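Asker: Pasting in a structure now, in structure tokens, and then I'll have a few things to ask.
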């Protein structure tokens, strides 16, 4: 695991239950918005299921990840809804839940 991946996992752990962040939000928090894709790649390799809540990270339009690493799109939707995040057509309203 790289230092960058570890910093991504630590940043994602700070997203409160019931809220989401975008890949760009995490990249900005780490100091470089241009690293959004690298954030996604790190989350796709997340070895900490249940500890690093990567289900709380969505794309810049609020869309869920079709290749969500821990069970796919429907599982990500299920996890978010269990936390009170409304998901409509596999999309989260960022104005409300970000």
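Derivation of every value follows stated rules applied to the coordinates shown; laboratory data play no part. Owing to the predicted nature of the structure, the values given are computational and were not obtained by experimental measurement. Here Cβ is always computed from backbone atoms with ideal geometry, including for glycine, and neighbour counts include all displayed protein chains.
Asker: Quick one: if you stick a label point 7 Å off each Cα along the C-beta vector at residue 73 and residue 10, how many nm between them?
Answerer: 3.5
Asker: While we're here: How far is it, in nm, from the label point at residue 95 to the one at residue 44 when both lie 7 Å from their Cα along the line to the Cβ?
Answerer: About 3.2 nm separates the two model spin labels.
Asker: If you don't mind, another one. Mind giving me the nanometre distance, one decimal, between the label points for residue 63 and residue 81, set 7 Å out from Cα along Cα→Cβ?
Answerer: The modelled label-to-label distance comes out at 2.0 nm.
Asker: Quick one: angle between helix 72-82 and the longest Cα principal axis of the chain, in degrees between 0 and 90, rounded to 10, please.
Answerer: For helix 72-82, the angle is close to 70 degrees.
Asker: Using the alpha-carbon atoms, what tilt in degrees (0 to 90, nearest 10) does helix 3-13 show relative to the longest principal axis of the chain?
Answerer: Taking Cα atoms only, the helix is inclined about 30 degrees.
Asker: When a footprinting reagent is the concern and you count Cβ atoms within 10 Å, what order do 97, 4 take, fewest first?
Answerer: 4, 97
Asker: Still on this structure: Which whole-number percent of Cα pairs in the chain have a distance greater than 17 Å?
Answerer: Summing the P(r) tail past 17 Å for the chain gives 43 percent.
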